[in-house]
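This report concerns only the one structure given below.
The values are calculated or read from the model by the stated rules, or taken from the named source; none is laboratory data. This is a predicted model, so every value here is computed, not measured. We work out accessible area using only protein heavy atoms, side chains counted, and drop any ligands, DNA or RNA first. Shrake-Rupley method; radii C 1.70, N 1.55, O 1.52, S 1.80 Å.
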Amino acid sequence: MNDVIKEFDELCDMAIAAFGEELDISYEMSLLNILEFVKKHPGYKEDFIDKFKLILMSGNSPFEVVAFCMRELQWPEIKEFVISNMNPSEDPRSEALRSTLTAYDELWPDADLYSYYCMD
């Protein structure tokens, strides 16, 4: 695994810890760190897409990181993945997928949860 992807994974681990209030950094700041990191490394977009897909399909990853990042990045690959994987029946990740999909809307219902997006 290369250093950029390793650092991305570490930032995601920090977000999990921040969500659990195990770090001094706020959860939103940890999400913003991931967004800024992804924006700084555009050559790794395909790798990040794969990582975001894994996060969405994992049962133990904070899906908010994907919604938070896609609010700004608006990558169609993630939107298409979400739509193709939404199964409203008994999939426990359906809510995470729906929440991620709303990040593509003109008005994001979750924007008020993050000061970064309240400035829109």
Gained length - Val4 relative to Asp112, 0.36 nm times residue gap less alpha-carbon distance: 35.8 nm
GNM top mover of Ser26, Ser84, Ser58 - the chain, alpha-carbon springs below 10 Å: Ser84
Per residue solvent-accessible surface (Å²) - the chain, probe of 1.4 Å: 57 Å²
Kirkwood hydrodynamic radius over Cα pairs of segment 3-117, then Stokes diffusion coefficient at 37 °C and 0.692 mPa s, in µm²/s: 229 µm²/s
Accessible area of the chain belonging to carbon and sulfur atoms, whole % at 1.4 Å probe: 52 percent
